[in-house]
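The values are calculated or read from the model by the stated rules, or taken from the named source; none is laboratory data. Note that the structure is predicted; figures quoted are calculated from it, not measured. Virtual Cβ from ideal backbone geometry, glycine too; neighbours counted across all protein chains shown. Please note that ligands, DNA and RNA were not included when accessible areas were found on the heavy atoms of the full protein model with its side chains. Shrake-Rupley method; radii C 1.70, N 1.55, O 1.52, S 1.80 Å.
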Amino acid sequence: MSIDPPPSAQPAPSPASPSAQPVGQPPGLNPAERLLNLVIALVNTNAAMTKQQVRTAVAGYADAPSDEAFERMFERDKDMLRALGIPVVTVGTGGHTDELGYRIDQDAYALPPIDLTPAELGVLSLAAQFWQDKTLQTDINRAMVKLRAAGAGDPSVDALAGLAPSVRAVGDAYGPLMEAIEARRAVTFSYRAAYNGAVLTRHVEPWRIAARDGGWYLMCFDRDRQAPRVFRMSRIESRVRITGPAGAYEIPDFETDVMLGKAQHGEVRAAVVAVRPERAGALRARAKPVPEGEREAYGERLPKPLGASAGDRAGDHAGWDILEVPYRSLSGMASEAAGYGAALVVLEPEPVRNETLRRLTAAAALSTGTQGVSRG
């Protein structure tokens, strides 16, 4: 049978204990709760709150053991709120005193009414998919729920056709590297080379992070080799450690695809496609509309309206946007076009149209289970 020691013999809480307080921190609410209480108070005040009113009315500040401790706590909390984008403003209280008051600027703090089209909400949904299983997943999922609750509607599924993200997890290196790029600070990490598997320490000045071909890449200046280098982030073996002062270097202007060795080659050609309104957003970004006087020529190649008989003419260009799209690779253009399904029709050139139809036919066969059936 165990006997509890008397109160005087109880061990002091360890630093890792939930009840332990940081050195110099008065007991009471944790900082996050105190900040939330301060925001609620400053949002709901009629005019402004003085420091004395904050100390007596906002939970968490009465625990300050002295005036100096309260001043430090309040100033630190104000700076934290402003760093988070919450506009805490200082105003005069009026009357016969010079005492200052504090409130949150409601006009600057409130969000305007949210009115998103299905296509715009679709883009946000796509971004949310991109960050699945990452550190931001919880926050993004909550944001999407709030947008739908605010009446933003449901995303347009067709608007996302051909755009589903296929990038591997970014890993733990992403956060520190982005922080270093923003502050222009050098980093160091252990990296496993692709050619021999050796793990070496790298000292680099990070410039940019990009996703290509399903992977993440860091473009940077390698201080050890005194030359620009590209590192595949999945081969970073250790924690990324930020070193040195902020603003230690300048990020040069460069082409991401050129540095990654993925610049496109070949002659630029043009394909003419018909696209349903508000569909194929990625393709539209590089396309241009076909002049109005030239659109009539493509009516025969558009699908027939629903309910049309076999002898009826094909559909006209009403309800379609006729666009001219530059491309270099026939297979790449056909693959992209097929990804949009019924939202896009290739009109010309014939090789791109035929290859797109071939891919769509193969996809339809896969979905019905008719692939591999011999025809006599």
field: Residue count for the range 243-263, restricted to those that are surrounded by fewer than 16 Cβ atoms within 10 Å (Cβ to Cβ) and under 17 Å from residue 185 (Cβ atoms)
entry: 9
Single residue of the range 270-290 satisfying the filter (within 28 Å of the chain's Cα centre (by Cα) and under 12 Å from residue 345 (Cβ atoms)) that is most open to solvent (accessible area, probe 1.4 Å): 276
task: Report yes if some residue within the range 71-94 is open to solvent by less than 70 Å² (accessible area, probe 1.4 Å), at pLDDT 90 or above, over 39 Å from the mean Cα position of the chain (by Cα) and aliphatic (A, V, I, L, M); otherwise report no.
output: no
message: Any residue at all in the range 219-233 that's open to solvent by 30 Å² or more (accessible area, probe 1.4 Å) and over 24 Å from residue 250 (Cβ atoms)?
response: yes
- request: Can you tell me which residue within the range 180-203, out of those that are closer than 19 Å to residue 223 by Cβ and modelled with pLDDT under 90, is least open to solvent (accessible area, probe 1.4 Å)?
  value: 193
- request: Restricting attention to the range 30-52, report how many residues are over 17 Å from residue 105 (Cα atoms) and surrounded by fewer than 17 Cβ atoms within 10 Å (Cβ to Cβ).
  value: 5
